[in-house]
Amino acid sequence: GSLIFYASILELIGKGDVLGIDIDIRPHNRQAIENHPMSKRIKMIEGSSTSKEVILEVRKEIKGKNKVLVCLDSNHTHEHVLEELELYSSMVTKGSYLIVFDTIVENMLESDCKDRPWGKGNSPKTAVHEFLKGNQRFIIDYEVENKLIITGSPDGYLKCIK
């Protein structure tokens, strides 16, 4: 649903494409997206977001684009999100965003994450803060977060300033 949502927003403003990456794109999901009127703005890549092949394909797709925004929303472990941040941050253009979803995991009760490999101390938010220690191109944009009032991604709206 998020691919179609983002494509719909881009359709309203009359420009842009959505590139969705998923480790497993089920045939019925692919068919539904490909048959949707917004499919003209959507390209899907099946594979791990951190694999060399996927990164090369993404770089090929964004070549020549003057504005690139990246949303990260896959495996929520610290290690995986940090790797994604390191791999995708260079693709984000100045003035655009690198959005890390589900940073709220860090603020949840441990019992809420007991069946997951992530949780307090091992979350997207901990990865964001570690990433920012060594990266001067991004800042947390609290203005975006404050406009939302409620978000599942506190500290996750990273604005590219360089």
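The values are calculated or read from the model by the stated rules, or taken from the named source; none is laboratory data. Since we're looking at a predicted model, the values are computed, not measured. Here the Cβ positions follow ideal geometry from the backbone for every residue, glycine too, while neighbour counts run over all protein chains shown. In case anyone asks, the SASA skips ligands and DNA or RNA and just uses the protein heavy atoms, side chains included. Shrake-Rupley method; radii C 1.70, N 1.55, O 1.52, S 1.80 Å.
What to note about this one:
- Looking across the stretch 88-99, the residues that are in a helix (DSSP H, G or I) and surrounded by fewer than 19 Cβ atoms within 10 Å (Cβ to Cβ) come down to Ser89, Ser90, Met91.
- Each residue in the stretch 62-80 was checked for being touching a Phe, Trp or Tyr at 6+ places or on another chain (Cβ under 8 Å) and either closer than 12 Å to Ala127 by Cβ or among the β-branched types (Val, Ile, Thr) (or both), and 6 of them qualify.
- Flag if Tyr97 is of a type in the set (Phe, Trp, Tyr) and touching a Cys at 6+ places or on another chain (Cβ under 9 Å): yes
- Residues that are part of a loop (DSSP other than H, G, I, E, B), under 27 Å from Leu10 (Cβ atoms), among the hydrophobic types (A, V, I, L, M, F, W, C) and open to solvent by less than 30 Å² (accessible area, probe 1.4 Å) do not occur anywhere in the stretch 77-87.
- Criterion applied to Ile140, Ile104 was being out of contact with any His (no Cβ under 7 Å at 6 or more places or on another chain) and under 19 Å from Leu69 (Cα atoms), and the one residue passing it is Ile140.
- Within the stretch 105-114, considering residues that are under 21 Å from the mean Cα position of the chain (by Cα) and surrounded by fewer than 18 Cβ atoms within 10 Å (Cβ to Cβ), the one nearest to Leu158 (Cα to Cα): Asn107
- Scope the stretch 118-137; condition over 18 Å from His80 (Cβ atoms) and either touching a strand residue (DSSP E or B) at 6+ places or on another chain (Cβ under 6 Å) or open to solvent by less than 30 Å² (accessible area, probe 1.4 Å) (or both); matching residues: Arg137
- Pick from the stretch 6-30, criterion surrounded by fewer than 11 Cβ atoms within 10 Å (Cβ to Cβ) and out of contact with any strand residue (DSSP E or B) (no Cβ under 9 Å at 6 or more places or on another chain), ranking: nearest to Thr93 (Cα to Cα): Lys15
- A search for C-beta distances below 7 Å between a residue of the stretch 89-114 that is more than 16 Å from Gln136 (Cβ to Cβ) and free of Cβ contacts under 8 Å to residues at least 12 places away in the same chain and any residue that is assigned to a loop (DSSP other than H, G, I, E, B) and open to solvent by 10 Å² or more (accessible area, probe 1.4 Å), counting only pairs 6+ apart in sequence or on different chains, returns Glu110/Lys120.
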